[in-house]
Amino acid sequence: MTGAFETGIYRNVFKECGYTEAEIEQRVEDTFRRIFHGTKEECFYHEVGEDMAYVEDTGNHDVRTEGMSYGMMVCVQLDRKEEFDRLWKWARTYMYLEGGSGHNYFAWSCAVDGSKNAEGPAPDGEEFFAMALFFASNRWGDGDGIFAYSKEARAILSECIHKGEEGHPGEPMWNPDVHLIKFITNVEFTDPSYHLPHFYELFAENTEEGDREFWKQAAAASREYLHKACHPQTGLSAEYADYDGTPHAGHQEIFGKHDWYYSDAYRTIANIAMDHLWYDKDPWQTEIANRLQRFYCEEQREHWDGVFLIDGTRLEEKALHPVAIVAVNAQASLAADGPHIKECVDRFWNTPLRTGDRRYYDNFLYLFAMLALSGNYRIYK
């Protein structure tokens, strides 16, 4: 078992499924262009002045650390330094929390004018910021000030795990006892789609020397945790789950219902597939990718837009982000070795980008799948 971290080899699953290199390259470029520089009905990247830009969550009409950090990851993967720096400067100018219990975290939501909608973070933003910044440092070199990318990444990660210790007021993003990422800092449950062991392996390579063992343990803990969070027959996971993997049914009066396979949860299988591609340390990842593809291609062939409990029970609701489902089912092919790979990849290839108010989330997962399946979602070290 040897992943791309060791081999430097990134599969082009589209090519394996019969598409030509020319049409794959064109599709990747066109997808980026439409999201970042397309018509106002297509794009959700918006430049501000001479040197800043933001990504709008078009469904909620705000700017989120999720989208800003996703945008930065896309840009570093595609060698788009100008857009990367614009996004980072906007985030660092308007979302950054300085001093107090949130120091070196980022407000998870801002209005498009930069005013903060929240004073607390969402941990998936910080982990994507840090990884994108390390890749930027390794690909382009560190600059000055906030563009000293690796320094900024290390500062973020230090606070993520050391808050609550002397000199670090506030709550950490990882539970220090179980090494698992929290949903938000002041609760003790998690979101399975936040677990990125392939990032934590790289944090252990790039962060402060004294923190490296923590990140190695976090990678192992998240891999073990995902076994518990994903249903053994369907491969589905809940949006929120307890540390034992059980879907989290509490806090519905605050957050709503999140103990089902819906929205956030679609990312889980995509993340598992990326960990398999980059590190290939866990044979279970192939099994669970096969089961999820089988669930959709055999058991729910006519209901890809359904909403499910993780045991596969189909509910009356319809998915809010149906294009995202198609994207992640295809991305699962990076880990799968079953009979449904080509069906999932072809269905994705033949699905257009989403239009309308809800396009932001679907189309980011679409773009990540496009990068991953074309061999363009890479480690820079």
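In terms of the ratio Rg/(2.2 N^0.38 Å) built on C-alpha atoms, what value belongs to the range 117-254? If you can, show how the numbers build up before the last one.
Numbers: Rg = 15.6 Å, N = 138, 2.2 N^0.38 = 14.3 Å.
Compactness ratio reported: 1.09.
Counting only other residues whose beta carbon sits under 11 Å from that of residue 245, what net charge do I get with K and R as +1, D and E as -1? So the surrounding residues net to -2. Computed from label points 7 Å out along Cα-Cβ, the spacing between residue 220 and residue 246 is 2.7 nm.
Per-residue extension of 0.36 nm, minus the Cα-Cα distance of residue 301 and residue 60, leaves a gain of 83.7 nm for this segment.
Assuming R0 = 30 Å, can you tell me the calculated FRET efficiency for the pair residue 139 and residue 314, based on Cβ-Cβ distance, to the nearest 0.05?
Numbers: r = 44 Å, r/R0 = 1.45.
The calculated FRET efficiency here is 0.10.
Considering only the other residues whose Cβ falls under 11 Å of the Cβ of residue 317, what net charge follows from Lys and Arg at +1 and Asp and Glu at -1?
Details: positive: 257, 314, 318; negative: 305, 316.
Counting the neighbours of residue 317, the net charge comes to +1.
Based on the Cα atoms of the range 199-288, what semi-axes does the equivalent ellipsoid have, where each is the square root of 5 times one gyration tensor eigenvalue, given in whole Å with the largest first?
Working: eigenvalues 129, 59, 23 Å².
Those come to 25, 17, 11 Å.
In terms of other Cβ atoms within 10 Å, 158, 115 run from fewest to most in the order 115, 158.
On the principal axes of its alpha carbon atoms, the range 163-214 extends 30, 28, 14 Å, with the longest extent given first.
From the mean inverse distance of alpha carbon pairs (Kirkwood) and the Cα radius of gyration, derive Rg over Rh for the range 289-367. Don't skip to the end; give the middle numbers.
On the way: Rg = 12.3 Å, Rh = 12.9 Å.
My calculation of the ratio gives 0.95.
Coordinate range of the alpha-carbon atoms in the range 96-168 per principal axis, descending: 36, 32, 21 Å. Candidate cross-link partners of residue 89 among the aspartates and glutamates, defined by an alpha-carbon separation under 13 Å and a same-chain spacing of 8 or more, comprise 47, 50, 51, 144, 152.
Out of every Cα-Cα pair in the range 47-161, what percent are more than 24 Å apart? Before the final figure, lay out the partial values.
Values: 1027 of 6555 pairs.
Counting pairs separated by more than 24 Å, the tail of P(r) holds 16 percent.
Each Lys or Arg adds one and each Asp or Glu takes one away; over the other residues whose Cβ falls under 13 Å from the Cβ of residue 57, this sums to -2.
With N set to the number of residues, divide the alpha-carbon radius of gyration of the range 229-381 by 2.2 N^0.38 Å and report two decimals.
On the way: Rg = 14.8 Å, N = 153, 2.2 N^0.38 = 14.9 Å.
The reported ratio for this selection is 1.00.
Throughout, read-outs are computed from the coordinates displayed, never taken from laboratory work. Model, not experiment: these values are computed from the prediction. Don't worry about glycine lacking a Cβ; one is built from the backbone with ideal geometry, like all the others, and counts go over all protein chains shown.
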